[in-house]
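K.L.:
Pasting a structure below so you can have a look.
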Amino acid sequence: MTDLRLQAEDVDDLAVISAALQDAVTKVADLAFLPSTRRFAMVVNRFRWEDAGASRGHSHERVRAGLHFENVRAVRARNISQDKPEGVLNLLAIRFEELNPPSGIVTLVFSGGGELRLEVEALEVHLSDLGLIWATPNLPAHDLD
C-alpha cells in the first residue's frame, strides 16, 4: 500500500481525483480559503477505494489526505453551516465547468445538498495522502432511489 499523490490540470484528471475522494468525510473546520495565496485547502478522511476489493470480509481503510486548489479567486458555500465548525461533510463528487478557458468553476458536491463553488483562474488541483491509515468496518453505500 502506497500513499496516493495525484495532480489535475484538466477535466479528465479531475475525474480521477473525484473518484478517489468519493465518500471522503471532513469537518467544516478543516476547510480553508487563503485569499493572499489564492489557495483553497482541505483535509479529509478518504475512503481507500483502490483497496476496497482486496479486503473482502476484512476491515476497509480510511486515510487522512490533503486536497488543495490553486489559482482560486473566490469561494462560495451553499447549504453548509459555516458557524458550526464541527459539522461533518461527506464529499460525493468534484466537478469543473470551464467558462472562459482556462478559467471556470470547480464545484465540490456534498451529501445533503451542500456545495462549495470555487472560482478558479485555471484548474490546478493536488491530492496527497498524509500517511495516517486506519481500519473501518464500514463500506460506504448510497441509496439509489
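The values are calculated or read from the model by the stated rules, or taken from the named source; none is laboratory data. Bear in mind that the values here come from a model prediction, so they are computed numbers and not experimental data. Backbone-built Cβ (ideal geometry, glycine too); neighbour counts: all protein chains shown.
K.L.:
Looking only at region 97-145, how many residues end up being of a type outside the set (A, V, I, L, M) and under 14 Å from the mean Cα position of the chain (by Cα)?
P.N.:
Just the residues of region 97-145 that are of a type outside the set (A, V, I, L, M), to begin with: 97-98, 100-104, 107, 110-115, 117, 119, 121, 124, 126, 128-129, 131, 134, 136-138, 140, 142-143, 145.
Those left that are additionally under 14 Å from the mean Cα position of the chain (by Cα): 107, 110-111, 114-115, 117, 124, 126, 128-129.
Adding up the residues that qualify gives 10.
K.L.:
Kindly evaluate residue 123 against the criterion of being surrounded by 14 or more Cβ atoms within 10 Å (Cβ to Cβ), among the hydrophobic types (A, V, I, L, M, F, W, C) and closer than 16 Å to residue 21 by Cα.
P.N.:
Here the answer is no, as residue 123 does not meet what is asked.
K.L.:
Right, something else. Please tell me if residue 118 is closer than 21 Å to residue 10 by Cα, in a loop (DSSP other than H, G, I, E, B) and either at pLDDT 95 or above or touching a helix residue (DSSP H, G or I) at 6+ places or on another chain (Cβ under 8 Å) (or both).
P.N.:
Details: closer than 21 Å to residue 10 by Cα: yes; in a loop (DSSP other than H, G, I, E, B): no; either at pLDDT 95 or above or touching a helix residue (DSSP H, G or I) at 6+ places or on another chain (Cβ under 8 Å) (or both): yes.
No.
K.L.:
Another question, if that's okay. Can you tell which of 77, 8, 19, 29 is surrounded by 17 or more Cβ atoms within 10 Å (Cβ to Cβ) and either of a type in the set (S, T, N, Q) or in contact (Cβ under 8 Å) with a residue 24 or more places away in the chain (or both)?
P.N.:
Numbers: 77 fails: surrounded by 17 or more Cβ atoms within 10 Å (Cβ to Cβ); 19 fails: surrounded by 17 or more Cβ atoms within 10 Å (Cβ to Cβ); 29 fails: surrounded by 17 or more Cβ atoms within 10 Å (Cβ to Cβ).
Of the residues listed, the single one that is surrounded by 17 or more Cβ atoms within 10 Å (Cβ to Cβ) and either of a type in the set (S, T, N, Q) or in contact (Cβ under 8 Å) with a residue 24 or more places away in the chain (or both) is 8.
K.L.:
Going through region 32-55 one residue at a time, which ones are basic (Lys, Arg) and either surrounded by fewer than 16 Cβ atoms within 10 Å (Cβ to Cβ) or over 23 Å from residue 120 (Cβ atoms) (or both)? Lay out the reasoning, then the answer.
P.N.:
Taking region 32-55 first, the residues basic (Lys, Arg) are 38-39, 46, 48.
Across region 32-55, the qualifying residues are 38, 48.
K.L.:
What tally of residues in region 121-144 results from selecting those that are among the acidic types (Asp, Glu) and more than 21 Å from residue 15 (Cα to Cα)? It would help to see each step written out before you state the result.
P.N.:
So the first thing to find is which residues in region 121-144 are among the acidic types (Asp, Glu), and the list is 121, 124, 129, 143.
Now drop any that are not more than 21 Å from residue 15 (Cα to Cα), which leaves 143.
Residues in region 121-144 being among the acidic types (Asp, Glu) and more than 21 Å from residue 15 (Cα to Cα): 1 in total.
K.L.:
Further, regarding this structure: In region 63-103, what count of residues is obtained for those that are part of a strand (DSSP E or B) and not aromatic (Phe, Trp, Tyr)? So that I can check it myself, show each step before the final result.
P.N.:
Taking region 63-103 first, the residues part of a strand (DSSP E or B) are 63-69, 72-78, 88-100, 103.
Filter again for not aromatic (Phe, Trp, Tyr), leaving 63-68, 72-78, 88-95, 97-100, 103.
Of the residues in that region, 26 qualify.
K.L.:
To continue, here is another question. Determine, yes or no, whether residue 96 is aromatic (Phe, Trp, Tyr) and either in contact with a His (Cβ under 9 Å, 6 or more places away or on another chain) or closer than 19 Å to residue 46 by Cβ (or both).
P.N.:
Working: aromatic (Phe, Trp, Tyr): yes; either in contact with a His (Cβ under 9 Å, 6 or more places away or on another chain) or closer than 19 Å to residue 46 by Cβ (or both): no.
No; evaluated as a whole, the condition is false for this residue.
K.L.:
Go through the residues of region 8-30 one by one and say whether even a single one is of a type in the set (Asp, Glu) and over 26 Å from residue 141 (Cα atoms). It would help to see each step written out before you state the result.
P.N.:
First, the residues of region 8-30 that are of a type in the set (Asp, Glu): 9-10, 12-13, 23, 30.
If we keep only those that are over 26 Å from residue 141 (Cα atoms) too, we end up with 9-10.
Yes: one or more hits.
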